[in-house]
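What follows is a short report on a single structure.
The values are calculated or read from the model by the stated rules, or taken from the named source; none is laboratory data. Values in this document were obtained by computation on a predicted structure and should not be read as measured data. So basically every Cβ, Gly included, is an ideal-geometry build from the backbone, and we count neighbours across all protein chains shown. When the accessible area is computed, the model is the full protein with side chains, heavy atoms only, and any ligands, DNA or RNA have been set aside. Shrake-Rupley method; radii C 1.70, N 1.55, O 1.52, S 1.80 Å.
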Amino acid sequence: MTARICLPWPDKRLRTAAAEVSEITDEIRAIWTDMIDTMEAMPGVGLGANQIGVMLRLAVVDGSKERGRAVRMANPEVLHASTQLREHEEASPNLPGVSARIKRPRAVTVRYMDETGAITERDFVGIEATSVQHQIDHLNGKLYFDHLSKMKRDMLIKKSKKLNG
């Protein structure tokens, strides 16, 4: 398929919750393929569909070292989260050139519809746990910098605007 363009902040779609997916179709599979191609082109470890302007609850995550093991998820939701937090540098192609250290649960159990249409539960740990939570935030109309104080968030956005015109 093809890598798609990521929406630039402050596109309103990045602040809009994505719509539920009722069934897995060839069109949904094609969107996932484009999302994986887009994620690999960044390169990144995950992508939410609304980041490329597709307003459906679709996400892909691949935190493997060898790549090519992307998990395709429709309607992902966190069922359980560890109390132990993990701090990680997060960024987004929608706000290029900046990043911030964000604390999130180190491990999560996520329920989602997989590429066959089956409801699946899976445990994610480490970078993949961080990424899946980051993507679910996107699908809910939130960005990683929403986890920062207003002052830090404003500084981050100002820096990105300066870098990206």
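Among residues other than Gly126 whose Cβ falls under 9 Å from its Cβ, what is the net charge (Lys/Arg +1, Asp/Glu -1)?
After counting each charged neighbour, the total is +1.
Rg to Rh ratio, region 47-116, alpha-carbon atoms and Kirkwood radius?
Looking at region 47-116, the ratio lands at 0.98.
Any chance you could check the Cα centroid distance between region 8-22 and region 123-165 for me, in angstrom?
Region 8-22 and region 123-165 have Cα centres spaced 14 Å from each other.
Run the accessible area of the chain with a 1.4 Å probe and give the carbon-and-sulfur part as a rounded percent.
52 percent
Hey, in the GNM for the chain with a 10 angstrom Cα cutoff, which one of Lys65, Lys152, Lys103 fluctuates hardest?
Judging by the Gaussian network model, the answer is Lys65.
Going toward the positive end of the dipole of region 82-165, with +1 on Lys and Arg Cβ and -1 on Asp and Glu Cβ, which of Ile127, Thr109, Met155 do you reach last?
Towards the positive end, the residue furthest out is Met155.
Over region 10-85, what is the mean sequence separation of C-alpha contacts under 8 Å (at least six apart), divided by residue count, expressed as relative contact order in percent?
Over region 10-85, the number comes to 28 percent.
Test of understanding: given the chain, find the longest segment containing no GluC sites (Glu not before Pro) that are in a DSSP loop and have at most 13 other Cβ atoms within 10 Å.
Longest run free of exposed loop sites: 67-165.
When ligands, DNA and RNA are left out and all protein chains stay put, how many square angstrom of accessible area per residue does region 27-161 have with a 1.4 Å probe?
Ligands and nucleic acids excluded, the figure is 46 Å² per residue.
Would you work out the relative contact order for region 64-137, in percent, from Cα pairs under 8 angstrom that are 6 or more residues apart?
Once divided by the residue count of region 64-137, the mean separation gives 31 percent.
For every helix of n ≥ 4 consecutive DSSP H residues, a contribution of -39,500 (n - 2.57) applies; sum these over the chain, divide by its total residues, and give [θ] at 222 nm rounded to the nearest 500 deg cm²/dmol.
Only helices count here, giving -8500 deg cm²/dmol.
Give the relative contact order (percent, whole number) for the chain; include only Cα pairs under 8 Å separated by 6+ residues.
Once normalised by length, the contact order is 24 percent.
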